[in-house]
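Comments concern the structure below.
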Amino acid sequence: LSPVRSVAGMAARILHRLRHALAGDGAREEAAQGPAEAEDCPESSELEDDTEGLSTRLSGTLSFSGHEEQGDGDDDEDGEDEERGEELPGEGAGTEDGGRWRDGQGWPWERWCPLTAASVPAEWGPAGRRGGGGGGLLARQLQELWRRSRSSLAPQRLLFEVSSASVVSERSSKYVLYTIYLIRSGRSDKAPAAITRRYSDFERLNRRLRGRFGCDMAGVAFPRKRLRRNFTAETIAKRSRAFEQFLSHLHSIAEIRRSAEFLEFFLLQELRAAQRLTCTGLYREALAAWANAARLQERLGACHSGRFLVTLAGLAVCHQELEQLGEAHGCCEQALQLLAAQDKHPLLAPFLQAHVHLAWKVGKDKRHSEARLQELQDAGLPPQPPSLKECLIKEALD
């Protein structure tokens, strides 16, 4: 066979092993390790120094998301990960760094191919050459295979970044509060979606997901607990990086990222806080909270749920109370587009009523909403349905 065919065959085999590794590593690890032991430790705890809660699979499985993570715990002193854009592996000659192959741009070999060094034939060597001239050809083959597999390996590109962590002391407790940004890869987010969570929130999510998605969660690492040195800078930095990998790994699994447990982790606390601020009349603060909740749902692909309609209701009410009538009208129009095929949703009549009122205020066409509202009233709707604000206050967020 010619060298070109040999290289193409090798690249195809590497991709084949990559796909099988993604599908089978979790099950093999679970079988080898046995069932995980439950831990009943208070939140005042630290990571196990041997694992640091980092998933060894992530060095390869999530490299295509644009947020590069290393599985061997190379943390910076300040605990922040280095961000890299989404690039292709270089075609030039590579170097060997600490026993790990890196190409001409300094990218670890494992990030582009989650196989051990033993999986690569010895004749290729750490320099990626066969007979002194195959390195560039292999890189080009991997580039092409990566392009073809990109859509299947990364259906959504979302980065999870722990931007800060602060120690909070209350009356009888002390804990670390982590601020997590959700950032779309390859785009400039002027106002990134953000949440604040403590270790117990992550632990609850991990426990719920393992109870429902045991097989999928087998290869997902989670930072463990101990009873000492839990508030040191080193522990907080390691745990921050582990949480980034934990969320990224969860988001890479389609069944999990669409699950109620995963979405509630990001949304429920934010929606409840926004609702409380609205009920107390703090409309400017509530508007910021509703807007953040809307960004979260947009990033997570949850803009067609009932909670998004509640979010639009909150935005419309706060904009209207702050005399931002054009923005309030736009929120009502967006909600009515989502409710176009629904005639019995409890928020339909309140949105129609608010849209008619706001359209009259800003000089927009309101005839379609008036006609639809009249149809609902002819079908038995009370003449005075509850307002959007009344519905928002009474909405049970659970």
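The values are calculated or read from the model by the stated rules, or taken from the named source; none is laboratory data. Predicted model only: the values in this text are computed from it and were never measured. Virtual Cβ from ideal backbone geometry, glycine too; neighbours counted across all protein chains shown. The area values use the complete protein model at the heavy-atom level, side chains included, leaving out ligands, DNA and RNA. Shrake-Rupley method; radii C 1.70, N 1.55, O 1.52, S 1.80 Å.
Data overview
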item: The stretch 156-258 - convex hull of the alpha-carbon atoms, volume per residue in Å³; result: 124 Å³
item: Label-point gap, in nm, between E298 and A379 - each point 7 angstrom along Cα→Cβ; result: 3.1 nm
item: Two-site FRET efficiency, L177 against L325, from Cβ-Cβ distance with R₀ of 45 Å, rounded to 0.05; result: 0.75
item: Heavy-atom accessible surface of the stretch 277-397: percent carbon and sulfur, 1.4 Å; result: 53 percent
item: Hz values of 3J(HN,Hα) by residue in the stretch 324-332 - Karplus curve (6.51, -1.76, 1.60), Gly and Pro given as x; result: 9, 6, x, 5, 5, 4, x, 5, 5
item: Accessible solvent surface per residue of the stretch 243-365, calculated while the other protein chains remain in place, 1.4 angstrom probe, Å²; result: 41 Å²
item: Taking the stretch 277-397 and dividing mean pair separation by its residue count, relative contact order in percent (alpha carbons under 8 Å, at least six apart); result: 23 percent
item: Using θ = phi - 60° and Karplus 6.51 cos²θ - 1.76 cosθ + 1.60, couplings along the stretch 361-372 (whole Hz; Gly, Pro as x); result: 5, 9, x, 9, 6, 10, 5, 5, 5, 4, 5, 5
item: Volume of the Cα convex hull of the stretch 277-397, divided per residue and given in Å³; result: 101 Å³
item: Extension gain, A191 back to T232 (0.36 nm per residue minus Cα-Cα distance, nm); result: 11.7 nm
item: For L158, residues with placed amide H under 5 Å, excluding near neighbours; result: S185
item: Rough spin-label spacing in nm, given labels placed 7 Å along Cα→Cβ, for Q337 and E170; result: 4.0 nm
item: Percentage relative contact order, the stretch 186-320, counting C-alpha pairs under 8 Å, at least six apart; result: 24 percent
item: Residue-wise HN-Hα coupling along the stretch 252-265, computed from phi with Karplus coefficients 6.51, -1.76, 1.60 (Hz; x: Gly, Pro); result: 6, 9, 4, 5, 6, 5, 9, 6, 5, 4, 5, 5, 5, 4
item: For V176, residues with placed amide H under 5 Å, excluding near neighbours; result: V168, Y199
item: FRET efficiency, A371 to K344 (Cβ-Cβ, R0 25 Å, nearest 0.05); result: 0.90
